[in-house]
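For reference, the structure is listed below as structure tokens.
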Amino acid sequence: LWSFAVVDCRVENAFAFDCVEAISTHDSYEETELNMLHQWNLWCQERDQPGLSLDLSERCYKTFTQTERRSSLLQQNVARVLGQIGGVSFEEEVHLPSGYTVDILIQFNDRKDVALEVEGPTHYLVSHPSSQNGTTQLKHRQMRALDNVEIAVVPYWEWNEIMETQSTGDGNQDCRGVNYLKTLLSIQTK
């Protein structure tokens with residue numbers, strides 16, 4: 001079922017209803033299964049399809065939101081540099097109504113909030129390291145649709161290149177990082 005959500009495959013309501021019936025007959029699920037069921041349930045919401053029962057839906061949501069996450073050094077570095085941009089209000093590790101956690105949520109007065117996702121190698125395909133994997137694509141699509149946020153992505157290889165000091169030795173990596181984030185987020189310097 002989760003794969004239907006990942007590829008965003010259109011299904012008939014009858015199929016979705018049959019899936020819900022089959023899922024409801026089981027009592028025990030592993031944490032990973034509950035997380036995947038939550039994402040499938042979000043997909044049903046996106047598509048206006050029948051979803052899980054209220055009890056199972058709440059159980060999946062609770063598991064999904066309690067799954068432990070730790071911010072990476074890469075994310076901490078991006079947040080530190082973002083903090084150097086004047087007038088930018090942001091929070092780290094924010095839970096959105098869908099249950100997803102965003103690395104950094106930036107609030108703007110004049111536009112939608114921006115979920116800044118700092119993505120290391122695990123967010124990309126091994127065979128195509130610059131292509132996002134299905135889990136990452138699903139998360140971004142569902143956050144856009146259900147949480148009404150813009151998504152901005154800082155890929156690890158771009159950030160590492162910007163922050164690399166060996167090639168230039170100029171020590172201005174924070175300045176380059178600030179400029180990169182301003183461009184990415186379309187922030188005008190005042």
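Computed from the coordinates by the stated procedures, all read-outs in this text should not be read as laboratory data. Just so we're clear, the structure is a prediction, and the values are computed from it rather than from any experiment. Every residue, glycine as well, gets a Cβ built from its backbone with ideal geometry; the counts of neighbours run over all protein chains shown.
Compute the angle between helix 54-66 and the longest alpha-carbon principal axis of the chain, please, reported from 0 to 90 degrees and rounded to the nearest 10. With both axes taken from Cα atoms, the answer is about 30 degrees. Full extension of the segment from residue 164 to residue 109, taken as 0.36 nm per residue of separation minus the current Cα-Cα distance, would add 16.5 nm. Labels on offer are (1) 1.49; (2) 0.97; (3) 1.18, and the one holding Cα Rg over 2.2 N^0.38 Å computed from this structure is (3).
Taking the fewest neighbouring Cβ atoms within 10 Å as the starting point, the ordered list for 123, 38 is 123, 38. The slack in the chain from residue 24 to residue 3, taken as 0.36 nm per residue of separation less the alpha-carbon distance, amounts to 5.7 nm.
Ordering of 29-37, 112-120 by packing is 112-120, 29-37, highest average first (other Cβ atoms within 10 Å, averaged per residue). Under a 5 Å amide H cut-off, with hydrogens placed 1.01 Å from N, residue 154 pairs with 117, 118, 119 among residues at least 5 apart or on other chains.
Charged side chains reduced to their Cβ positions (Lys and Arg at +1, Asp and Glu at -1) give the range 1-155 a dipole of some 480 debye around its Cα centre.
Rounded to the nearest 20, the Cβ-based charge dipole of the range 73-185 about its Cα centre (Lys and Arg +1, Asp and Glu -1) stands at 280 debye. If you take the square roots of the eigenvalues of the alpha-carbon gyration tensor of the range 73-185 and sort them as a ≥ b ≥ c, do you get rounded (a/c under 1.5), prolate (a/b over b/c) or oblate? In terms of gyration-tensor shape, oblate.
Computed from the C-beta positions of residue 32 and residue 175 and an R0 of 35 Å, the FRET efficiency is 0.25 to the nearest 0.05.
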